[in-house]
Amino acid sequence: MKKIKFLGTSTELGVGKILCLGKNYAAHAKEMLSDVPTTPIVFMKPSTAIITGSDKIIIPKISKEVHHEVELVVVVGKEAKNISAKNAYDYIAGYAIGLDMTLRDVQSDAKKKGNPWTVAKGFDTSAPISEVIPKDQIKNPHALTITCKVNGALCQKSSTGKMIFTIDKIIEYISSIFTLEEGDLIFTGTPEGVGQVVTGDLIEAEIEGYIKISHQVIAA
């Protein structure tokens, strides 16, 4: 089982399922030439997609166009089912910065054929994630600046306040469909500025003032 650590402690948490939101920032939906969703778009990654520390992002041989997508990640702290938005924060253990690495060419082909996105989104190393910042260290998760740099050049920068669906509403919606368990992760969507990375690139993702990750891209 893949595990993630809590910042500044020796505490580890086994990762369960990874639930991800698509198009949760209006500007990103626009750059993808898509309509802004009226209900959350949810897809999944397996826990085997997780990498931490200095692990490398490995581009599978099936793809020639891999994109970075920086996201705030919510870490579930206890079992949750049919949770109301007003109680949602009681079920959060903390927050992290993550990357939803995407095989864009594979995803585009799947969309054209009406097929699932699982391969494009769930391949090994597609979910780099930082250590977990305990919930009480972040006063307002909707007032964070998240960034992504490639080889030192800023590609994505936005506020989590621009999410279409806020964290409490996301948990309310997801828990009405899936039972959330301790160690589950919710990738809350990416802002505009997604773009291609290639072998040799260095990707840095950050919650400004809190935590940062850095991963090199290599070929399979």
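The values are calculated or read from the model by the stated rules, or taken from the named source; none is laboratory data. Predicted model only: the values in this text are computed from it and were never measured. Cβ placement follows ideal geometry from the backbone for every residue including glycine, while neighbour counts extend to all protein chains displayed.
Of all residues in region 19-50, those that are closer than 13 Å to THR102 by Cβ and within 13 Å of the chain's Cα centre (by Cα) total 6.
Residues checked against (1) β-branched (Val, Ile, Thr); (2) within 18 Å of PHE187 (Cα to Cα):
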position: LEU13; (1), (2): no, yes
position: ILE18; (1), (2): yes, yes
position: LYS45; (1), (2): no, yes
position: ASP55; (1), (2): no, no
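Mind checking whether some residue in region 169-191 is of a type in the set (S, T, N, Q), out of contact with any strand residue (DSSP E or B) (no Cβ under 7 Å at 6 or more places or on another chain), over 27 Å from SER63 (Cα atoms) and outside any loop (DSSP other than H, G, I, E, B)?
Filtering region 169-191 for residues of a type in the set (S, T, N, Q) gives 175-176, 179, 188, 190.
With out of contact with any strand residue (DSSP E or B) (no Cβ under 7 Å at 6 or more places or on another chain) added as a condition, the list becomes 176, 179.
Keeping just the survivors that are over 27 Å from SER63 (Cα atoms) gives 176, 179.
Still in the list and also outside any loop (DSSP other than H, G, I, E, B): none.
No: region 169-191 contains no residue that is of a type in the set (S, T, N, Q), out of contact with any strand residue (DSSP E or B) (no Cβ under 7 Å at 6 or more places or on another chain), over 27 Å from SER63 (Cα atoms) and outside any loop (DSSP other than H, G, I, E, B).
Regarding ILE177, is this residue buried (at least 20 other Cβ atoms within 10 Å of the Cβ) and out of contact with any Phe, Trp or Tyr (no Cβ under 6 Å at 6 or more places or on another chain)? Judged against the criteria, ILE177 is not a match. So which of GLY53, GLY77 is surrounded by 19 or more Cβ atoms within 10 Å (Cβ to Cβ), more than 26 Å from TRP117 (Cβ to Cβ) and over 13 Å from the mean Cα position of the chain (by Cα)? On inspection, the qualifying residue turns out to be GLY77. Of the residues LEU202, LEU154, LEU185, which single one is touching a Cys at 6+ places or on another chain (Cβ under 9 Å), surrounded by fewer than 16 Cβ atoms within 10 Å (Cβ to Cβ) and either over 21 Å from LYS30 (Cα atoms) or aliphatic (A, V, I, L, M) (or both)? Within the list LEU202, LEU154, LEU185, the selection yields LEU154. Of all residues in region 200-215, those that are part of a loop (DSSP other than H, G, I, E, B) have Cβ atoms under 7 Å from Cβ atoms of residues that are surrounded by fewer than 16 Cβ atoms within 10 Å (Cβ to Cβ), 6 or more apart or on another chain, in ASP201/ASN151; GLU208/THR145. Of all residues in region 11-69, those satisfying the criterion of being under 18 Å from PHE165 (Cα atoms), touching a helix residue (DSSP H, G or I) at 6+ places or on another chain (Cβ under 8 Å) and of a type in the set (Ser, Thr, Tyr) are TYR25, THR39.
A single entry from ASP105, ASP100, ASP136, ASP124 fulfils the requirement of being under 17 Å from ASP55 (Cα atoms) and either surrounded by fewer than 17 Cβ atoms within 10 Å (Cβ to Cβ) or modelled with pLDDT under 95 (or both): ASP124.
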